[in-house]
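Q: Sending over a structure as structure tokens; questions will come in a sec.
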Amino acid sequence: MMMSQSLQPSRSFRAASPLLGGMLAACLGILASGCASVSNPVLDGVEARRVEQEYLAPPKEDLQTIPLTTLGQPKPEFHILGIDDILGVYIEGILGEKGQPLPFRFPELGNLTPSVGFPIPISSDGTLPLPLIDPLKIVGMTVKEAENAIRKAYTVDNKIILPGRERILLSLIRARQFRVQVVRQDTPQSSFGSVQNNSRRGTGATINLPIYENDVLNALNQTGGLPGLDARNEIIIQRNVKGADDTRVVRIPLRVRQGSGLPFRTSDVVLENGDVVFIEARDTEVFYVAGLAIPRQFPLPRDYDLTVTQALAQAGGPLVNGGVNQNNLSGAVIQSGLGSPSPSSVTVIRKLKSSGQVKIIVNINRALNDPRENIIVMSGDTLVLQESPGEALTRYFSSTVRFNFLATIIREMDLFGTINYNGF
């Protein structure tokens with residue numbers, strides 16, 4: 001009798017049997033259904049903290065905007081005369097009658113003072129043609145030095161005017177100018193905040209820049225300012241040289257790494273006749289999300305870094321929010337009752353320059369506490385968010401099987417009053 005009683009299953013075993021059956025059925029169901037967390041096709045990768053440096057993005061936080069004054073040129077204390085300067089010349093009795101009012105001129109531009117005299121341009125050979133004397137070489141002189149040279153030519157060298165009786169005045173009417181073209185592929189109307197398949201028409205302008213203002217800074221200020229967010233962070237200057245090649249193209253970056261110095265000289269920003277300043281549009285840089293995040297593409301910022309956790313937050317993916325589940329088809333937020341574990345496995349599929357790819361495994365839980373794990377997203381990256389197998393099993397049991405457990409426990413309590421799990 002005692003033997004037969006010992007072979008009878010205890011109440012606790014009868015109460016636990018449905019629980020064991022439910023757990024076994026759940027495991028088989030997860031495996032048979034091809035759960036993405038268990039059968040993740042991109043799970044075989046390199047952990048973020050162990051990936052080689054060549055596969056990581058260089059941080060942009062080390063970049064700083066160059067001083068904008070370096071895009072201009074220093075202005076000398078005195079104007080240095082050059083070809084195509086227009087001078088006002090007054091030589092009493094020769095260029096201007098004695099007793100007549102002086103021919104004053106007021107400048108068209110506000111950066112010149114009023115001038116006096118008859119306009120005479122400096123010739124292409126650097127000389128100033130004047131009556132009764134040979135053309136006078138004055139290129140490279142200041143206005144005052146050129147005036148003294150004219151006085152000496154008329155009073156000493158050629159003895160046309162008696163020394164002390166001369167009345168000679170020289171002034172600058174208009175400084176020489178440089179005609180350059182500015183071609184821009186960025187537009188003020190561009191909305192780079194969202195990825196669109198817009199065609200950029202760009203703009204172009206031909207401008208005249210006076211000497212000491214013939215530089216990149218003034219060219220940009222007259223044509224819309226610094227490059228917009230849809231343009232590259234650099235300025236390209238194409239020199240007007242016959243048979244131009246790559247050696248005649250100057251690239252000026254607008255952001256450089258701290259302490260690296262400027263990779264260009266002051267002479268590089270000075271523009272000459274026929275030069276072209278080119279603002280080139282940057283390629284649309286995007287990243288993609290998939291898995292438990294709603295599959296979409298998003299633009300990458302130009303001037304600052306975006307880490308994996310920040311990218312997921314921008315994409316609206318589940319991130320440390322076990323209280324809700326994200327439906328990756330409709331985007332609806334569904335309450336999950338008692339809560340589920342947050343998905344923590346991200347596979348970053350990164351394209352390589354050699355046309356291959358590398359898969360980098362990021363653990364979100366570690367990435368939130370360890371910057372080494374929270375790698376920077378690069379253009380073309382695909383971020384696949386999945387649960388780990390343990391998180392998938394926990395979520396399945398907490399959202400499905402737990403109700404069967406609770407119902408069994410309540411039913412057994414009704415039948416026997418208490419449940420004894422001794423010997424389970």
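Just so it is clear, none of the values below were taken in a lab; they were calculated from the coordinates. What you are looking at is a predicted structure, and each value in this text was computed from that prediction instead of being measured. Here the Cβ is made from the backbone with ideal geometry for all residues, glycine too, and neighbour counts use every protein chain on show.
Q: With a point put 7 Å past each Cα toward its Cβ, work out how far residue 313 is from residue 179 in nm, to one decimal.
A: Distance between label points: 5.4 nm.
Q: If packing is taken as the mean number of other Cβ atoms within 10 Å per residue, what is the order of 360-370, 74-84, highest first?
A: Working: 360-370: 17.2, 74-84: 13.0.
Per-residue mean Cβ counts within 10 Å order the peptides as 360-370, 74-84.
Q: In debye to the nearest 20, how big a dipole does segment 86-174 give about its Cα centre with +1 on each Lys and Arg Cβ and -1 on each Asp and Glu Cβ? Don't jump to the answer; show the numbers that get you there.
A: Details: 10 positive and 9 negative charges, 38 e Å.
Result for segment 86-174 is approximately 180 debye, rounded to the nearest 20.
Q: Starting from the Cα of residue 46, step 7 Å along the direction of its Cβ; do the same at residue 133; then give the gap between the two resulting points in nm.
A: 7.7 nm
Q: Also, I was wondering about something else. At a Förster distance of 25 Å, what's the computed FRET efficiency of residue 304 paired with residue 372, Cβ-Cβ distance as r, to 0.05?
A: That gives a FRET efficiency of 0.85.
Q: In the neighborhood of residue 156, defined by Cβ-to-Cβ distances under 15 Å, what is the net charge if each Lys or Arg adds +1 and each Asp or Glu adds -1? Display every interim value, and only then the final one.
A: On the way: positive: 151, 152, 159, 165; negative: 134, 147, 157, 166.
Computed value for this residue: 0.
Q: Put +1 on the Cβ of each Lys and Arg and -1 on the Cβ of each Asp and Glu in segment 86-174; which of 156, 132, 86 then has its Cα farthest toward the positive end of the dipole?
A: About the Cα centre, the residue reaching furthest to the positive side is 156.
Q: Relative to the present Cα-Cα distance, how much length would full extension add between residue 98 and residue 234 at 0.36 nm per residue of separation?
A: Numbers: separation 136, 0.36 × 136 = 48.96 nm, distance 5.79 nm.
The span from residue 98 to residue 234 would gain 43.2 nm if fully extended.
Q: Taking the highest mean first, how do the peptides 156-165, 229-238 order by number of other beta carbon atoms within 10 angstrom per residue?
A: On the way: 156-165: 11.3, 229-238: 18.7.
The most tightly packed comes first, giving 229-238, 156-165.
Q: Considering only the other residues whose Cβ falls under 11 Å of the Cβ of residue 75, what net charge follows from Lys and Arg at +1 and Asp and Glu at -1?
A: Details: positive: none; negative: 77, 213, 215.
My count for the surroundings of residue 75 gives -3.
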